[in-house]
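Step one of this worksheet: look at the structure below.
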Amino acid sequence: MTAPAAPASPRPGRFGPFGGRYVSETLLPSLDELSEAWTAACADPTFAADLARLGREYVGRPTPLSPARRLAAEVGRKLRVYLKREDLCHTGAHKINNCLGQVLLALRMGKSRIIAETGAGQHGVATATACALFGLPCEVYMGAADVERQALNVFRMKLLGARVHAVKQGTCTLKDAMNEALRDWVTNVRTTHYVIGSVAGPHPYPTLVRDLQAVIGHEARAQLAAVEGGRLPDACVASVGGGSNAMGLFHAFVPEGAVRLYGVEAAGEGIATGRHAATLAAGRVGVLHGARSYVLCDDGGQIAEAHSISAGLDYPGVGPEHAYFKESGRARYLSVTDAEALAGFQCLARTEGILAALESAHAIAALSAVAADLPEGAIIVVSLSGRGDKDMGTITKSLGVELSG
């Protein structure tokens, strides 16, 4: 787990027409400070060594690249499917990669307080975990609707010493939690570092979070080469809400034009119903949380409510690099409904004995569509971004199952 070199760009923080900084002037000096600190950290072997040590000793890296033979047989076309097992990370998801790196960076910057936003709660748990490890106070903003459906993760955050703020404004979901976290940061910017959980937000966050999550793809590339005689995958597949899990897998393969990249959004109850979170499929270009990207909005430009059975995917925006990949054609973005994601969850459980997060289940559910694009015998790497413990309440309710005492 290493900090990659900060990429040089004539337009830092831009991915074609996307990205940038659309924030209060109050935050610009702090964003400049964060950019400079990240550039310096990337060039510091001590920072890279500390991050790598934490990856090995605390997170459990490298995570396995597991063959999924029975799942592949279910999909058909003689595929070879490998699962990048981020569900086996400490705290149960890929979020810990980013949180440990950002908290290390905050300590380097002399910050004494950490805040974060969270939807499914995994980012909040990972941030609270990193703060407990380093003895920093932590406050987490979470939409009231997500607090209710992710009660287990709320309890975990509190056990770890974090203070959880239930946000009751707007749709009471991730968008509103991020709004409140940004307000907090504006007020307390001198002492506070804001750990954004996805490749969203103003520059440098999309690049910073991507670089910290890129360990997923770098490991997967090396692991696959070791077992497949140096071969690259034919395709990489990952779910997309804000998009950090997908960008973490994709980044190592972006220069390889022969490797197809598939992001899978949440179609919710169906795109035609309006009850979905398929920002790239049905959104338009706009500004949300400090960056220019695709957003879900009404005809008047007001941000629309997003819906997904997965609390981690119901965000009405997407990281600006994903928007660039869509428009440039480097990645293709598919959509999966709530019902299809539930079926994907059950399929993975039945064929491989893995109870995945509902976010990851969207990627599993898309495998048939991905396979239709590929030749027989193709190799597919799927990012299994998290485990399903947090979603059991939602899943039992959706399947009409009552748990007896």
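What follows draws every value from the coordinates through simple rules; no lab data is involved. Just so it is clear, the model here is predicted, and its values are computed rather than measured. So basically every Cβ, Gly included, is an ideal-geometry build from the backbone, and we count neighbours across all protein chains shown.
Taking neighbour counts of Cβ atoms within 10 Å as a proxy for exposure, in what order, fewest first, do GLU402, GLU376, GLU359, GLU340 appear? Write out the running numbers ahead of the final one.
Numbers: GLU402 6, GLU376 9, GLU359 33, GLU340 20.
The fewest-first ordering by Cβ neighbours comes to GLU402, GLU376, GLU340, GLU359.
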Would you give the gap between the C-alpha center of the range 265-329 and the C-alpha center of the range 176-254, rounded to a whole Å? 17
Once the in-chain neighbours fewer than 8 apart are removed, the lysines whose Cα is under 25 Å from LYS84 read LYS95, LYS326, LYS390
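Starting from the alpha-carbon convex hull of the range 1-151, give the projected area averaged over all orientations, in nm².
Approximately 12.9 nm², given one-decimal rounding.
Going by how many other beta carbons lie within 10 Å of each one, how would you line up SER244, SER398, fewest first? It would help to have the intermediate numbers written out before the result.
Values: SER244 29, SER398 16.
Taking fewest neighbouring Cβ atoms as first place, the list is SER398, SER244.
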Would you work out the charge dipole size for the range 95-201 about its Cα centre, treating the Cβ of every Lys and Arg as +1 and the Cβ of every Asp and Glu as -1, and quote it to the nearest 20 debye? 240
Assuming 0.36 nm per residue, please report the length gained on full extension of the stretch ALA281 to GLN302 beyond their Cα-Cα distance. 5.8 nm
What is the sum of charges around ALA40, taking Lys and Arg as +1, Asp and Glu as -1, for the other residues whose C-beta is under 12 Å from the C-beta of ALA40? -2
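Students often check this: by mean Cβ neighbours within 10 Å, which of 286-295, 197-206, 55-64 ranks highest, and how do the rest follow? Before the final figure, lay out the partial values.
Numbers: 286-295: 23.4, 197-206: 28.3, 55-64: 17.6.
Result, highest mean first: 197-206, 286-295, 55-64.
Taking 8 Å as the Cα distance limit and 6 or more residues as the minimum spacing, I'd like the relative contact order of the chain as a percentage. All intermediate terms of the calculation are to be shown ahead of the outcome.
Working: 890 pairs, mean separation 79.2, N = 405.
Computed over the chain, the figure is 20 percent.
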3J(HN,Hα) from dihedral phi, the range 42-51, Karplus parametrisation 6.51/-1.76/1.60, rounded to Hz, x for glycine, proline: 5, 8, 9, x, 5, 4, 4, 5, 5, 5
Highest-MSF residue in the chain out of TYR141, TYR262, TYR22 [GNM, Cα springs under 10 Å]: TYR22
Quick one: among ALA238, ALA181, ALA43, which has the greatest mean-square fluctuation in a GNM of the chain with alpha-carbon springs under 10 angstrom? ALA43
Using a 10 Å cut-off around each Cβ, can you sort GLU265, GLU86 from fewest to most neighbouring Cβ atoms? GLU265, GLU86
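Cβ under 12 Å from VAL209's Cβ, VAL209 left aside: what net charge do those residues give with Lys, Arg +1 and Asp, Glu -1?
Values: positive: LYS95, ARG210; negative: ASP211, GLU321.
With Lys, Arg at +1 and Asp, Glu at -1, the neighbours total 0.
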Can you pull out the cysteines in the chain that have no other Cys Cβ under 4.7 Å? CYS42, CYS89, CYS99, CYS172, CYS236, CYS297, CYS347
Taking only Cα atoms and a 10 Å spring cutoff, compute GNM fluctuations for the chain and point out the largest among GLY263, GLY353, GLY248. GLY353
Any idea what the dipole of the chain comes to, in debye rounded to 20, about its Cα centre with Lys/Arg Cβ at +1 and Asp/Glu Cβ at -1? 620
